[in-house]
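Below is one structure, written out as structure tokens; comments come after it.
The values are calculated or read from the model by the stated rules, or taken from the named source; none is laboratory data. The model shown is predicted, which means the values in this text are computed figures rather than measured ones. All Cβ positions, glycine included, derive from the backbone under ideal geometry; neighbour counts span all protein chains shown. Surface accessibility is based on the protein's heavy atoms, side chains included, excluding ligands, DNA and RNA. Shrake-Rupley method; radii C 1.70, N 1.55, O 1.52, S 1.80 Å.
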Amino acid sequence: MPEVANVPGSAQSGDTQTGVAAVVAQLKDRFQDRCATSLALREQHGHTTTWLKNQPPDAVVFAETTEEVAEIVRICKGGKVPIIPFGTGSSLEGHVNAPLGGISIDLSRMNAILEVNASDLDCRVQAGVTRKQLNSYIRDTGLFFPIDPGADASLGGMAATRASGTNAVRYGTMKDAVLGLTVVTPDGRIIRAGGRAKKSSAGYDLTRLYVGSEGTLGVITELTLRLHGQPEAISGGICPFPDVASACQAVSMTIQMGLPVARIELLDEVQVRGCNIYSKLDLAETPTLFLEFHGSEAGVQEQSEMFSEIASEFGGGPFEWATAAEDRTRLWAARHDAYWAGKALKPEAQIMVTDVCVPISKLADCVAETTEDIRAHGFLAPIVGHVGDGNFHVQVLVDFDDPEAVRETEKFVERLSLRAIDMGGTCTGEHGVGQGKQKYMAREHGEALDVMRAVKQALDPDNLMNPGKILPQS
């Protein structure tokens with residue numbers, strides 16, 4: 001068996017290292033070449049798009065069934081070895097790092113769509129199915145799954161991080177989309193939470209407990225998801241504004257008036273410049289809203305016209321329609337490629353990406369103060385956001401080899417997170433806590449953090465499920 005490398009900086013004792021070696025040997029014997037210990041593969045499972053230090057697991061096991069996941073968990077429990085669930089590795093706050101070593105359970109091979117109930121607008125899938133895979137599969141049914149984070153993430157990972165996306169303003173987030181789950185608990189049991197009924201008053205809502213738990217309470221292996229009918233008509237386009245505050249004020253007014261916008265996304269002038277470079281667009285480099293309306297032909301035209309009137313009140317416009325499907329696809333592809341577009345502004349730099357979410361009435365203030373903070377400290381940091389629900393992202397381009405630049409960027413992220421919390425918002429609207437946002441949990445949740453710790457202790461007393469995530473050390 002290849003040597004099991006210790007994780008740099010971990011607190012593994014000699015006994016723990018011996019336990020890990022025994023567990024890896026047992027997993028190797030059981031899963032053969034589906035249990036891998038090569039350094040390159042382990043590093044891929046410890047670090048992807050996060051800015052945090054790579055902390056690889058001791059081994060990676062590729063599971064193919066719920067029963068296999070349960071077997072892996074039981075083996076790890078026997079040796080008191082940590083377990084880190086892994087989907088596609090697209091998370092941004094160190095969710096799949098292994099600070100105490102352990103076993104990464106890769107669920108990417110669990111990618112079967114188990115059933116689609118078109119008449120009930122739901123489906124059941126394995127956790128490794130990605131959002132694009134599901135939508136491709138159900139396209140001919142006239143249905144679609146609306147939750148769309150920028151990456152083609154796995155649906156299990158999206159549930160675990162309570163993911164969101166551009167459609168959230170109309171269709172909600174993963175907490176609204178998940179009807180039921182199959183979960184492997186920390187002691188290796190297989191449980192089913194929720195179901196296909198649209199509502200239930202029977203017992204605790206365990207589904208909502210596991211959605212957003214980031215693998216700290218169990219491993220999600222199957223999901224029952226809510227689907228939606230494809231709209232009769234879609235229209236959309238772009239609307240420039242003189243500044244980000246005006247754009248955000250127009251968003252607030254749009255939401256307050258109850259205009260049923262499906263997507264409303266903000267790109268500041270820096271992000272627009274990046275999209276022009278990376279996606280070969282020719283937009284005016286000014287704060288811009290990308291919008292989309294779903295409904296009947298008459299309905300989407302009326303909604304677009306109403307938004308044009310709102311925009312003009314705040315100095316925005318003209319609203320340019322993109323009625324052709326290929327034009328809309330090009331615009332939204334550019335929006336989803338915002339990460340890479342940001343990097344195109346300074347290819348030699350790395351990106352420290354963060355997100356916050358505030359009440360819609362506080363959005364303009366929060367974005368304006370953040371923009372001023374960026375300018376005052378000389379950062380190159382495009383802003384992009386799902387502003388229809390008060391959520392925006394900042395991508396700071398920074399040289400990770402410059403310790404002072406990294407420290408200043410971390411201070412900026414802290415100011416942004418605390419600013420959002422103090423405005424009645426949250427330190428993360430959709431990226432999740434992972435390792436990167438732990439320090440703000442006490443400020444945001446107060447005494448409720450102790451309740452979270454009590455839940456974790458009750459369900460995972462040995463702290464084996466994705467340890468070192470969400471809950472800061474007390």
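Quick look at the values:
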| read-out | value |
| --- | --- |
| Dipole of the chain, positive direction: furthest Cα of Gly436, Thr66, Asn54, with charges on the beta-carbon | Thr66 |
| Residue (of Gly165, Met452, Cys248) at the positive-pole extreme of the chain, dipole from beta-carbon charges | Met452 |
| Restricting region 321-419 to trypsin sites (Lys or Arg not before Pro) in coil, as DSSP defines it, with at most 16 other Cβ within 10 Å | none |
| Contact order normalised by residue count of the chain, Cα under 8 Å, 6+ apart, percent | 15 |
| Lysines whose Cα lies under 21 Å from that of Lys198, excluding same-chain neighbours fewer than 8 positions away | Lys175 |
| Backbone HN-Hα couplings from phi across region 220-232 [Karplus 6.51/-1.76/1.60, Hz, Gly and Pro as x] | 6, 10, 9, 9, 9, 10, 7, 10, 9, x, 5, x, 4 |
| Packing rank of 86-94, 448-456, 20-28, 68-76, where each peptide gets the mean count of other beta carbons within 10 Å, highest leading | 86-94, 68-76, 20-28, 448-456 |
| Per-residue SASA entry for Lys439, accessible area with 1.4 Å probe, Å² rounded to 10 | 130 |
| Pair Lys280, Arg192: separation of 7 Å Cα→Cβ label points (nm) | 4.9 |
| Net charge over other residues, Cβ less than 9 angstrom from the Cβ of Pro382 (K, R count +1; D, E count -1) | -1 |
| Ranking by accessible area, most exposed first, for Tyr204, Tyr137, Tyr278, Tyr171 with a 1.4 Å probe | Tyr204, Tyr137, Tyr278, Tyr171 |
| Selection from Ser154, Pro260, Gly180, by position along the positive dipole direction of the chain (Cβ) | Gly180 |
| Percent carbon-and-sulfur accessible area, the chain, ignoring ligands, DNA and RNA, probe 1.4 Å | 50 |
| Cβ-defined net charge surrounding Asp122, 11 Å radius [Lys, Arg +1; Asp, Glu -1] | +2 |
| Cross-link pairs Lys53/Lys439; Lys199/Lys456; Lys411/Lys437; Lys346/Lys439; Lys80/Lys456; Lys28/Lys77 - those with Cα-Cα distance over 19 Å | Lys199/Lys456; Lys346/Lys439 |
| Solvent-accessible heavy-atom area per residue, rounded to whole Å², over the chain at 1.4 Å | 41 |
| Rounded to the nearest 20 debye, dipole of the chain from Cβ charges on Lys, Arg, Asp, Glu | 1320 |
| Cross-link partners of Lys132 among aspartates and glutamates (Cα-Cα below 18 Å; sequence separation of 8 or more within a chain) | Glu115, Asp122, Asp140, Asp148, Asp152, Glu222, Glu326, Asp337 |
| Solvent exposure ordering (accessible area, 1.4 Å, most first) of Thr65, Thr185, Thr18 | Thr18, Thr65, Thr185 |
| Distant alpha-carbon pairs in the chain (separation over 40 angstrom), percent | 20 |
| Contact order relative to length of region 42-185, as percent, for alpha carbon pairs under 8 angstrom and 6 or more apart | 20 |
| Given charges at beta-carbon only (K, R positive; D, E negative), |dipole| of region 322-413 in Debye | 320 |
